[in-house]
Amino acid sequence: MSGKEPKKKPKAAKQGPLEPGEDPRMDELELKEIQISRATIKKECLEEEYLVRKQMRIDAHREEQEMRERRDQLEVDYSAQKQERYDIISDFTRQNKSMTDELIIRINDLENTISNLRDQLELSRVALVQMKEEKDQQIKQKEKEINEQAEKMEDMSQEFQSMLNETLEKMNERIDEKHKDGADTARGENDMPSEEDGGAAAAAAGRVEAAGGGAAEASPAEEPVAEGE
């Protein structure tokens, strides 16, 4: 070490007879001085080593204290971050649960609405099919009645036409017969028709009225057809 002094070698004791004027106690004093010098040097070295170790111990204690403070601070920061993270996770979990419950409620409501609409649609389809079938049956019935009435009217018209033609033919035949008997007689007969001609004309008129009554009966049956259409 720099603070140490170089060690002094002890002088060797002189051997042989002492020279005149030499003191035998001088060797002992020098020896003691050397021992004291060595002890002093050793003491200084130990003191210096003690100071160095003390400083090292102080530095180590300070570093340990700093490490403990840093550890405590890290523990505090870790606890704060852990609590913050727990709070964030709790909030997120609560929000997620709330949103999930709301979505489940909305989904259930929509499913119920869809189910009700499907039921209403199915009922409407069934009602529409039934109504269409009923209308088809009514239309067929009315068409059947119209055809029957038309056939009846056609038959009555043909019958009336045949009766009218027959009556006209008979009247023309009688007129021709009267013309053969004489112009004067034919003129008088033409002005006053005979009883047979009047009976034939009355019969034709009765048939015409009967045909008209049949047509009048057929006309009310046609009105519901118009309403149904």
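The values are calculated or read from the model by the stated rules, or taken from the named source; none is laboratory data. Treat the numbers as computed from the prediction; the structure is a model and nothing was measured. In case anyone asks, the SASA skips ligands and DNA or RNA and just uses the protein heavy atoms, side chains included. Shrake-Rupley method; radii C 1.70, N 1.55, O 1.52, S 1.80 Å.
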Point to revise | Count - residues of the stretch 77-103 that are open to solvent by 100 Å² or more (accessible area, probe 1.4 Å), within 28 Å of the chain's Cα centre (by Cα) and not hydrophobic (A, V, I, L, M, F, W, C) | key: 4
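Of all residues in the stretch 48-75, count the ones that are open to solvent by less than 90 Å² (accessible area, probe 1.4 Å) and not polar (S, T, N, Q).
The initial filter retains those residues of the stretch 48-75 that are open to solvent by less than 90 Å² (accessible area, probe 1.4 Å), namely 48-49, 52, 54, 58-60, 64-65, 72.
If we keep only those that are not polar (S, T, N, Q) too, we end up with 48-49, 52, 54, 58-60, 64, 72.
Within the stretch 48-75, residues that are open to solvent by less than 90 Å² (accessible area, probe 1.4 Å) and not polar (S, T, N, Q) number 9.
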Review point. Residue check: is GLU69 at pLDDT below 90 and either assigned to a helix (DSSP H, G or I) or more than 60 Å from the chain's Cα centre (by Cα) (or both)?
Key: no
